[in-house]
1. State yes or no: is Glu97 under 30 Å from Asp42 (Cα atoms), in contact (Cβ under 8 Å) with a residue 12 or more places away in the chain and open to solvent by 40 Å² or more (accessible area, probe 1.4 Å)?
2. Need at least 3 residues that are at pLDDT 85 or above per element, so show me which strands (runs of 3 or more DSSP E) inside region 46-135 make the cut, counting only ones lying wholly within it.
3. Which residues, counting only those in region 10-24, are within 18 Å of Ile93 (Cβ to Cβ) and out of contact with any strand residue (DSSP E or B) (no Cβ under 6 Å at 6 or more places or on another chain)?
4. Can you pull out every residue in region 100-127 that is among the aromatic types (Phe, Trp, Tyr) and touching a residue at least 24 places away in the same chain (Cβ under 8 Å)?
5. Of everything in region 109-141, what is surrounded by fewer than 16 Cβ atoms within 10 Å (Cβ to Cβ) and among the polar types (S, T, N, Q)? Give them in sequence order.
6. Pairs only if they're at least six apart or on different chains, beta carbon under 9 angstrom, first in region 25-49 and open to solvent by less than 20 Å² (accessible area, probe 1.4 Å), second of a type in the set (Lys, Arg) and modelled with pLDDT of 90 or more; list them, first residue then second.
7. Restricting the search to region 1-24, which residues are open to solvent by 20 Å² or more (accessible area, probe 1.4 Å) and assigned to a strand (DSSP E or B)?
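The values are calculated or read from the model by the stated rules, or taken from the named source; none is laboratory data. No experiment lies behind these values; they were computed from the predicted model shown. Virtual Cβ from ideal backbone geometry, glycine too; neighbours counted across all protein chains shown. Keep in mind that these areas ignore ligands, DNA and RNA; they rest on the heavy atoms of the full protein, side chains included. Shrake-Rupley method; radii C 1.70, N 1.55, O 1.52, S 1.80 Å.
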Amino acid sequence: WVVAGHSLGGAMAASLVNRNRELFDGIIFMDSYPPDGDGFADWRGVVLSLFSSKEKVSDSSRMSKTLSLLPPAFWLTTGERMYPHQKSNYTVIHVIEGGSHSLFGSYGPQYGDFTPTVSEYDFQSEVIEYMLEFFTKNNWR
């Protein structure tokens, strides 16, 4: 199984996976990170972490600090999408330029959110593209 979560939903997904590690092969965070105590550094699964470049609803310094809670991280850029050669226990991170926190959903502007500089359609198309690529690279159907 693979589970995904946006914002607080990502923290909840992390808790679910940590309580049932043997059932999950992957987790996807969207402008989110695992809470303290729900680390994945020793978990056999893989992580995709997507962030919006104009995110300010969550604490971005907190997101950076939680990298130690995740398996080894590899940054994906639009031009260079290098995935690790290993089969398990890694994190891939991608920042979607111009996006804001609320664009991961379709619920409109959120208090404290930056104004996006990319359309909702383009943002969500990139989210889908990276999720599908993540599934393909891990041979999940």
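1. No: the conditions fail for Glu97.
2. Working: elements: 46-52, 73-76, 90-96.
Because the criterion is at least 3 residues that are at pLDDT 85 or above, the strands (runs of 3 or more DSSP E) in region 46-135 that meet it are 46-52, 90-96.
3. Those that are within 18 Å of Ile93 (Cβ to Cβ) and out of contact with any strand residue (DSSP E or B) (no Cβ under 6 Å at 6 or more places or on another chain): Ala11, Ala14.
4. Phe104, Phe114, Phe123
5. Matches in region 109-141: Gln110, Thr115, Thr117, Ser119, Ser125, Thr136, Asn139.
6. What qualifies is Phe40/Arg21; Trp43/Arg21; Gly45/Arg21.
7. Val2, Val3, Ala4, His6
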